[in-house]
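Below is one structure; the comments refer to it alone.
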Amino acid sequence: MPATPTDRSRLTPQSIPARFTPPPPPRSLSPEEQLAQMNLLDDLMDDIGMGKFQKQLLVLCGLGWFADNMWLQCIALILPRVQDQFEIQDQYIGILSSSMFVGMMFGAMFWGMLADAYGRKQAFNFTLIVTTVFGIAASFANSYWLLCILILLLGFGVGGNMPVDGALFLEFTPKKNQYLLTFLSIFFSFGAVATSLLGYFLLPQYSCETSAPGGCQGQGWRYMLLALGGVTLSMVVGRVILFRLEESPKFLLNHNRREEAAIVLRRIFKINHSEAQSNMFDENIEALTSRFSQSASNPSSGIDSSSDSDTSESRTSTEFGAATRRLPVEFRQLQELPRGKYKSLLQRHRRHWKSKIYIAVNRLRPLMSSKFRLSTILIWIIWALVAFAYTAFNVFYPKFLQEHGQNGNQSLRQVYQDILIYAVSGVPGSVLATVMVESKLGRRYTMAVSTLGAALATILFAALSSHAAMTTFSAILNLLSTLMYAVLYSYTPEVFPSEIRGTACGVAAAMSRLAGIISPLIVGAMLMVSTYLPLYASSATFLISGICMCFLPIETKGRPAE
């Protein structure tokens, strides 16, 4: 017989069947215990070592970074071709790039918070799936505004790659090998090279050399989007089908899932080693699962059994609420039925989203604690400034070459050849970054020196008009920018502890995307005044961000990730 609202009054803690009573909740660990737990996990990761599992993960995470820059470079390359086909004015063409960055901004925040709340594994797999779907769909867009919407959704998927993949790789890597996070940036550089190489063969052949009345109907930009969608699909196959990803042990420990963390660690050890686990490894695993797993009801946890009656009633009420949340559907419905009449659907949705916002705000609060406040603010400023500067130059570089290269007489083939040289020049920057972060300069001053150098290269590119000078200084600019980004992408997750790392990286990446949204719109307006004005703005912004890097309070060289 169906239960009625009045039956709720009969539900008491004593009337709940024993099989529905939840186990005592795990107690909260003190800061000292949390540190001891993380140190024990670091010892276990050192025992596991840098083996087959980490090397495969390095490649798969690298492919996420590859996809990020591959799609960014694609938008820069197809921008003039899209403008020709749909006959878009200069002040509006930047909206296409801004759409990409809008999606990437919300994607970075969404996937970063999802990774902290529900695990790295889901976010790791779904980012590229979303990217593939909308990348292929964008190639069939029949209007400029539809293309902008599809590119926005593409950006939402690809925007989660770098914050999620960087945090994931860092948490599976022994502390002595964590500098390899910087090496991931080489995949970022190769993403731009792959797109530029594809553009060199596709775009000149299937595009118009000059604007045509009624819009150029070349299909080169569509072929680019379709081809890159196919490349991203192959990455999805590698991630989801060919490789078994384990959930991050640090994430599992932060959510009191110690038994699962132990299983993951044993599996990785088995993948990396043919020999049996050592006694020390087994003892550390046992300590990880037992030492920190005392329940809240354990006397050793310091709870006084002789509490006063009010406290006792409060605890009983809390336990009763926790118990009823674990009851079967028919029992939970008794508790959840509203008094009087049902709440409207709108009110329920509002309550749901309020709780989501509250959770999101709570995840941001640790970033503003006294320990991380200055680092957080400076990192956000740096990410925004360098994104504005790099986007202002990179997105409109093909258009600048087409209008000013060889006094405006440069062929389309030569334009894309220069872009290919520009993209290839970034590859050594990733290798240099891996070496320089372990030098006396450390992370902070490696970033500062490369960013200040980029400011100088931008000014020289604008001041010297010969083809050789433009090619040389654009190449130097890309080398130094890639070096700077390589260090910045590894420095950011190293600063923050595991429980807020995904959120910290996600918000930092979102600041970068926000600047990327604004930059093309501002540059579009600047182009109406002078095509050189964006170059001066880019140089000034690089200069300010380089100065900010010198004031970062935490040097992470030789410091194990928390």
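The values are calculated or read from the model by the stated rules, or taken from the named source; none is laboratory data. A quick note: this is a predicted structure, and the numbers were derived from the prediction, not measured. FYI the Cβ positions are ideal-geometry reconstructions off the backbone, even for glycines, and counts take in every protein chain you see. All accessible areas refer to the heavy atoms of the entire protein, side chains included, with ligands and DNA or RNA removed. Shrake-Rupley method; radii C 1.70, N 1.55, O 1.52, S 1.80 Å.
Descriptive notes on the structure:
- Looking only at the range 510-562, and only at residues there that are in contact (Cβ under 8 Å) with a residue 40 or more places away in the chain and polar (S, T, N, Q), the one that is nearest to residue 157 (Cα to Cα): 512
- Applying the set (1) under 23 Å from the mean Cα position of the chain (by Cα); (2) open to solvent by less than 20 Å² (accessible area, probe 1.4 Å); (3) farther than 30 Å from residue 40 by Cα to residue 552 leaves exactly one unmet item: (3).
- Any chance residue 456 is open to solvent by less than 10 Å² (accessible area, probe 1.4 Å), within 20 Å of residue 536 (Cβ to Cβ) and either of a type in the set (Val, Ile, Thr) or out of contact with any Asp or Glu (no Cβ under 9 Å at 6 or more places or on another chain) (or both): no
- Some residue of the range 242-251 being modelled with pLDDT of 85 or more, more than 30 Å from residue 36 (Cα to Cα), out of contact with any Pro (no Cβ under 7 Å at 6 or more places or on another chain) and open to solvent by 60 Å² or more (accessible area, probe 1.4 Å): no
- Of all residues in the range 230-273, those satisfying the criterion of being of a type in the set (S, T, N, Q) and touching a helix residue (DSSP H, G or I) at 6+ places or on another chain (Cβ under 7 Å) are 232, 248, 254, 272.
- Selection count where residues are without any contact (Cβ under 8 Å) to a residue 60 or more places away in the chain and aromatic (Phe, Trp, Tyr), scope the range 130-171: 3
- Filtered by the rule that a residue be farther than 14 Å from residue 248 by Cβ and touching a Cys at 6+ places or on another chain (Cβ under 7 Å), the range 95-139 gives 95, 96, 99.
- Filter pass, residue 113 being on the phi < 0 side of the Ramachandran plot, out of contact with any strand residue (DSSP E or B) (no Cβ under 6 Å at 6 or more places or on another chain), part of a helix (DSSP H, G or I) and buried (at least 24 other Cβ atoms within 10 Å of the Cβ): no
- Subset of the range 149-159 (residues that are in a helix (DSSP H, G or I) and open to solvent by less than 10 Å² (accessible area, probe 1.4 Å)): 151, 154, 155, 157, 158
- Condition check for residue 217 on (1) more than 19 Å from the chain's Cα centre (by Cα); (2) buried (at least 19 other Cβ atoms within 10 Å of the Cβ): one failure, at (2).
- The number of residues in the range 487-522 that are more than 26 Å from residue 427 (Cβ to Cβ), of a type outside the set (Lys, Arg) and assigned to a helix (DSSP H, G or I) comes to 16.
- Qualifying residue in the range 389-406 (condition: surrounded by 20 or more Cβ atoms within 10 Å (Cβ to Cβ), assigned to a helix (DSSP H, G or I) and out of contact with any helix residue (DSSP H, G or I) (no Cβ under 7 Å at 6 or more places or on another chain)): yes
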